[in-house]
Every structure is written in C-alpha cells, then in structure tokens.
Amino acid sequence: MHKTLYILLTLMVITSCKKGKADFTITGTISNTSLSSALSGATVKLYETAAGSASLDLIGTTTTDLSGVYSFSFPRNQSESYTLTCVKPNHFSLEEIINFSDLSIENDNIINYSTSAKSWVKLRFLNSTPSGADILKYTKTAGKSGCNECCEDSEISLINILDTSIYCINDGNSIYSYNYIQQGTTNFGEKSVITVAYDTTELLLSY
C-alpha cells in the first residue's frame, strides 16, 4: 500500500514539474510616450507561427490594466516565433516579433513596449500674390515617418497656389517641421510646431 502511494505521489510531482516547464509566460508594460504614462485599455493579442509555417495562429487576447500591464501564459510548442500586436483608438498600433529562441521557460519573459498618441498637423500655405511662375518647395525635416498615414519625406512643390492646406499625422506632443524656399526669391526658412496629442495643430506659412 505504501509503495503504491509513493509511486502515485512521485508521478504527480513529475507531471506537475513537466507541466510548469512546458509553459511560457510573456508579460510587461506598454507605455504612452506622448504623455509619459501607462497605456491602459489597449487590446493586446499574441499570435504563434508554428515551425515551417507562415500562418499566424491566435493564442490569446488581453487588455492592458491601469498600469499598462499585459500578460500571456501558454504552452511551449514547436514554434518559430510569436507576434504581439497592440491596438487602441487614436494611438499608433504595435506589431512586434518575439523569437522562440529568446524565450525562457524558467522565468517570466518581461518585454516592455511603447507607442505614442496620434496627432495631426495642418500645413497651411497662404500665398498673398500668386502668379503662374510661383513655385514653393518644402521638405519635411522632423515628424512621423514610415507609417501608412505619414506624409512624404521627399521634396514637395506647390505651384501657383492661393490658400492650400495639407494634413499630416505625427506623434503626439512632438515637433513637426519643414524647410521651405520660394523659387526665384530670397524667401526661405524653416517652420515648426509641436503637435498636440489627439488634436490638429495648424502650421501657417504666409508668403
């Protein structure tokens, strides 16, 4: 009887240990750099890419708490990588790759991320005396780049305009600036503004 009980207890301990070692835990905080605060209420999803596969399989979904904390615990499968996404209205979305080889089963994997609030700049160009040969060129020197909603980084030419507005997205509470030159004149310089988070800020150039 005692021998049978000993065997059963041993099996339970071994099973329990194997179960713990078969799990990954990924946790951390997501912050809002625009406000230097935690990003609460964001939807965070974790996807798994199995070895030899290109598809993303959803592991779980959670919401960041008031401190911006998220957490996932899941079985350790034969995977190549994991993809974490974070979405909240009026904020730039996150999509981060986590390599399988970088994860530990011995301890929680603490991975922190940050994103920013969205803001917009209204580039307003007001020409008091437009003419057929009037060309204004401007090039962005600071501001959000590389996103689907971002304005171009290349030089832009405005020909014979009167009153034109162009809207560009930016990181909230960050600088947006451009250099400009009015072709054939000595009128050139730089314009800049700090774009308020969650709002549209006008940057006016009158010439």
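If you check residue 140 against the conditions, is it part of a strand (DSSP E or B), buried (at least 19 other Cβ atoms within 10 Å of the Cβ) and basic (Lys, Arg)? Even if it seems obvious, please write down each step before you answer.
Numbers: part of a strand (DSSP E or B): yes; buried (at least 19 other Cβ atoms within 10 Å of the Cβ): yes; basic (Lys, Arg): yes.
Here the answer is yes, as residue 140 does meet what is asked.
When the residues of the range 126-137 are filtered to those that are assigned to a loop (DSSP other than H, G, I, E, B) and in contact (Cβ under 8 Å) with a residue 12 or more places away in the chain, the one that is nearest to residue 94 (Cα to Cα) is 127.
So, of the residues in the range 76-98 that are in contact with a Cys (Cβ under 9 Å, 6 or more places away or on another chain) and either of a type in the set (S, T, N, Q) or touching a residue at least 24 places away in the same chain (Cβ under 8 Å) (or both), which turns out to be farthest from residue 28 (Cα to Cα)? Let's see the steps before the verdict.
Taking the range 76-98 as the starting set, the residues that turn out to be in contact with a Cys (Cβ under 9 Å, 6 or more places away or on another chain) are 92-96.
Cutting the leftovers down to either of a type in the set (S, T, N, Q) or touching a residue at least 24 places away in the same chain (Cβ under 8 Å) (or both) gives us 92-94.
Numbers: 92: 18, 93: 17, 94: 14 Å.
Selected residue: 92.
Checking the range 111-125 against the condition returns a match, with at least one residue being outside any strand (DSSP E or B), closer than 14 Å to residue 171 by Cα and in contact with a Gly (Cβ under 7 Å, 6 or more places away or on another chain).
FYI, it's all coordinate maths here, none of it is from the lab. Nothing here was measured: the structure is a model prediction, and the numbers come from that model. Here Cβ is always computed from backbone atoms with ideal geometry, including for glycine, and neighbour counts include all displayed protein chains.
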